Amino acid sequence: MKILITGGAGFIGSHVVRLFVTKYPEYQVFNLDKLTYAGNLANLTDIEDSENYTFLKGDIVDAAYLDEIFSVHKFDAVIHLAAESHVDRSITDPLAFVNTNVIGTVNLLNTARKHWADNLQDHLFYHISTDEVYGSLGAEGFFTEETAYDPRSPYSASKASSDHFVRAYYHTYGMPVKVSNCSNNYGPNHFPEKLIPLAIHNIKNEKPVPVYGKGENVRDWLYVLDHARAIDDIFHRGKIGETYNIGGINEWRNIDLIELLCDLMDEKLDRPKGQSRQLITFVKDRAGHDLRYAIDSSKLMEELGWKPSVTFEEGLSKTVDWYLQNTEWLENVTSGNYQSYYEQQYTDR
Ligand code: NAD
Ligand code: TYD
């Protein structure tokens, strides 16, 4: 089977690519990535020479390019992760999110539909999305697959739109699709603009750790490898036309999470207990900041037998260790060096 994974140089995509390349040597895995600021081939150095792995540098907004690679490689299935993914960036530049997340997704759907027309039913378009499409919860309740969409940030609005297009291609054209909506991920390779890696980076360097508002917003955190395992399960055994919610059963208020992280890093860095908490700095709240996300994953757990494999304490400890050991990765990413390094190796279209 030839699988096109989009966004495979990013945070979650790199774990999905690695899992598929190593677990399924019989598959040919193609990683299509534009290498935006968030794409980093250093995330994949351990598998880049694998015989069943090919990197394709390109932009999903470029329909002619997609047509060309579908003609050449004849993909059987797509796992679509490429996206602009950061809520704060979407607040300052919504159009970038419309371009990649909406137009890019529709380009991929159109191209797949055209190239798969003779035997559409033998193919699969699996779209990776977020729980943020469901909007914001109060203190009680969980998002289920039946929760009505109510996106409230430009990011979640663009992801909701892409989800609707994927389902529209299922209903209108009979395209075999699957969709999953996952809660906040954390783990190795996470770009340090998101809360957990940013906090680790700043605590390590004894810089202020910005907490938006009063830190009372709640997120449900899932270790990224557990998301990759869920994607594997849904890709192989999920039902066509269905949606699966994926969550960590692991809700934390931001301030409690940051305090936990500060204490963990004090231990790991041999600092006096309580020292890193002094770095916590409350800053102006994010515009339209969603209060709480919480996911009910019982459909995925009951139908496919998936469950998270690590506790939050284990996952967070592994994550901090990874960032403390991979200082070069972190320095390159924060200085932007990796882009110029890789831009020399791959020609842009
Ligand atoms: P990321 O920002 O780390 O990676 C995105 C990747 O997509 C990068 O490698 C980037 O270069 C690539 N990309 C961006 N625009 C592109 C384009 N026009 N053409 C080709 N490639 C392009 O994102 P992530 O956190 O790994 O998220 C991956 C997917 O999972 C996204 O669709 C996101 O919405 C979804 N998701 C993320 C989370 C999370 O907590 N991070 C949770 C649920 C769902
Ligand atoms: P983030 O990692 O950006 O993910 P998302 O917005 O997709 O949930 O933010 C996680 C939570 O942390 C969210 O409530 C916003 C908050 N936050 C901060 O308090 N400080 C920060 O510096 C960042 C980046 C986020």
Residue-level accessible surface for residue 149, protein heavy atoms, 1.4 Å, Å²: 60
Debye, to nearest 20: dipole size of the chain, +1 on Lys, Arg Cβ, -1 on Asp, Glu Cβ: 340
For the chain, the accessible surface attributable to carbon and sulfur atoms (probe 1.4 angstrom, ligands and nucleic acids excluded) amounts in percent to 49
Hey, rough spin-label estimate for residue 307 and residue 76, points 7 angstrom out along Cα→Cβ, what's it come to in nanometres? 3.2
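Over the chain, what per residue volume does the convex hull of the Cα atoms give, in whole Å³? Could the numbers behind the result be given before it?
Details: hull volume 45.2 nm³, N = 349.
In the chain, the Cα convex hull volume per residue is 130 Å³.
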For residue 84, enumerate residues with amide H under 5 Å from its amide H, sequence gap 5+ or separate chain, H modeled in the peptide plane. 101
Residue-wise HN-Hα coupling along the stretch 257-263, computed from phi with Karplus coefficients 6.51, -1.76, 1.60 (Hz; x: Gly, Pro): 5, 5, 5, 4, 5, 4, 5
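Taking 0.36 nm per residue of sequence separation and subtracting the Cα-Cα distance, how much length would be gained by fully extending the chain between residue 273 and residue 317, in nm to one decimal? It would help to have the intermediate numbers written out before the result.
Numbers: separation 44, 0.36 × 44 = 15.84 nm, distance 1.64 nm.
So the chain would gain 14.2 nm between residue 273 and residue 317.
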Per residue, how much accessible surface does the stretch 34-137 expose to a 1.4 Å probe? Answer in Å², no decimals. 39
For the pair residue 63/residue 24, report the inter-label distance in nm, with labels modelled 7 Å from Cα in the Cβ direction. 2.9
Over what distance in Å are the Cα centres of the stretch 212-268 and the stretch 4-26 separated? 19
Residue-by-residue Karplus 3J(HN,Hα) for the stretch 306-311, coefficients 6.51, -1.76, 1.60, Hz, glycine and proline x: 6, 8, x, 9, 10, 6
In sequence order, calculated HN-Hα J values of the stretch 18-30 (Karplus, 6.51, -1.76, 1.60; Hz; x Gly/Pro): 4, 4, 5, 5, 8, 7, 10, x, 6, 8, 9, 9, 10
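Report the local net charge at residue 136: Lys and Arg +1, Asp and Glu -1, summed over other residues whose C-beta lies under 13 Å from its C-beta. Display every interim value, and only then the final one.
Values: positive: 152, 219, 286, 292; negative: 131, 132, 140, 150, 216, 220, 290.
Computed value for this residue: -3.
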Which listed residue (231, 309, 293) has the Cα farthest towards the positive end of the charge dipole for the stretch 206-349, taking +1 on Lys and Arg C-beta and -1 on Asp and Glu C-beta about the Cα centre? 293
Work out, step by step, the length gained on full extension between residue 328 and residue 148: first 0.36 nm times the residue separation, then minus their alpha carbon distance; give nm to one decimal. 60.5 nm
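Quickly estimate the mean residue ellipticity at 222 nm for the chain, helices only: each DSSP H run with n ≥ 4 gives -39500 (n - 2.57), and the total goes over all residues, rounded to 500.
Numbers: 13 runs with 141 residues, N = 349.
Value at 222 nm, helices only: -12000 deg cm²/dmol.
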Roughly speaking, what is the centre-to-centre gap between the stretch 271-334 and the stretch 122-157 when only Cα atoms are used, to the nearest Å? 20
For the pairs 23/207; 74/194; 57/114; 2/159; 268/307, note any where the Cα-Cα span goes beyond 32 Å. 23/207; 74/194
Could you give the dipole magnitude of the stretch 126-190 about its Cα centre, charging the beta-carbon of Lys and Arg +1 and that of Asp and Glu -1, in debye to the nearest 20? 260
Can you compute the modelled spin-label distance between residue 92 and residue 118, with each label point 7 Å from Cα toward Cβ, in nm? 4.9
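Per residue, how much accessible surface does the stretch 244-309 expose to a 1.4 Å probe? Answer in Å², no decimals. Show your work: numbers first, answer last.
On the way: 3300 Å² over 66 residues.
For the stretch 244-309, the per-residue accessible area is 50 Å².
The values are calculated or read from the model by the stated rules, or taken from the named source; none is laboratory data. Model, not experiment: these values are computed from the prediction. As a convention, Cβ positions derive from the backbone with ideal geometry for all residues, glycine included, and neighbour counts pool all protein chains shown. All accessible areas refer to the heavy atoms of the entire protein, side chains included, with ligands and DNA or RNA removed. Shrake-Rupley method; radii C 1.70, N 1.55, O 1.52, S 1.80 Å.
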